[in-house]
Amino acid sequence: MEDYLKVFVEEISFYNRLVLGTFLPESWWGSLPHLLQGWLRNYIGALLIYFISASLCSFYAILSKQAMVLQISVAMKAMPWYCVLPSLSEYLIENGWTKCFARISDVGWLTYSINTAIYLVIIEFGIYWMHKLMHDIKPLYKYLHSTHHIYNKQNTLSPFAVHPLDGVLEAMPHVIALFVVPMHFTTHIGLLFMDILWAANIHDCIHGKVWPVMGAGYHTIHHTTYRHNYGHYTIWMDWMFGTLSHPVDHQQDDKKM
């Protein structure tokens, strides 16, 4: 077992050298503990994804300079805390406390595909309920989630204006799922960071209209009504629990009003 866990350590160490070695002198990070190196790597990666996706959003977002500075400020304060979660998951995996496996060949492509599908269902279910509770429990909304709802008008929505604890809690199902279903380590880390890009996608006000994807058209309604479309990747959980509102239905209701 210990020999197998070394595979995770070696893979994470490789990512550390790749990212940190590219952006920082080795004298800055070479003597840091392994866990701290992982956090720093995740922080640099998150910053890169943030500024790339935020730059793309700026082409269609209608924000005043003051609003833009505020959103960047909130994101920069939260980013170090966001990166605690992937660092924590790596620590748990390296110590053998999860059901992660290192190579797809260890289980085969069929099992890998089934496990990934189950993992995504758990993520979808967990994030739906975490998001819904952020709205239903008043102290959670007031002190955490309300930061995200400062900007609710189209073309001013921001996936990055989020309280750090809110962001960590809503991403927590990614880590919890590792204790439930065997999951490929690299896929887990990739999906965790893909959430940043996905957050940008559902806040860009460009509705792709691809069923059953929770596109921007659905999520924009969430920022309007506060009681619909809590889902993450898909609309299925909202459909199952009666909180789904379709963009077409919402437009018709607006016309009636």
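The values are calculated or read from the model by the stated rules, or taken from the named source; none is laboratory data. Note that the coordinates shown come from a computational prediction; the quantities given were computed from them, not determined experimentally. All accessible areas refer to the heavy atoms of the entire protein, side chains included, with ligands and DNA or RNA removed. Shrake-Rupley method; radii C 1.70, N 1.55, O 1.52, S 1.80 Å.
Residues 103, 227, sorted by accessible area with the largest first, give 227, 103 [1.4 Å probe; ligands and nucleic acids excluded].
Given the pairs 99/142; 132/209; 99/209; 77/142; 6/77, which span a C-alpha to C-alpha distance of over 26 angstrom in this model? Check vs 26 Å cut-off fails for 99/142; 99/209; 6/77.
Residues whose amide H lies under 5 Å from that of residue 184, counting only those 5 or more places away or on a different chain, are 101; hydrogens are built 1.01 Å from N in the peptide plane. Taking Rh as the Kirkwood radius computed over C-alpha pairs, what is the Stokes-Einstein D of the stretch 63-104 at 4 °C in a medium of viscosity 1.567 mPa s, expressed in µm² per second? Result for D is 101 µm²/s. When all protein chains stay in place and ligands, DNA and RNA are ignored, the 1.4 Å accessible-area order of 236, 129, 29, 211, largest first, is 211, 236, 129, 29. Sorting 235, 104 on solvent-accessible area from highest to lowest, probe radius 1.4 Å, gives 104, 235.
In terms of the ratio Rg/(2.2 N^0.38 Å) built on C-alpha atoms, what value belongs to the stretch 23-140?
Values: Rg = 18.7 Å, N = 118, 2.2 N^0.38 = 13.5 Å.
Ratio of Rg to 2.2 N^0.38 Å for the stretch 23-140: 1.39.
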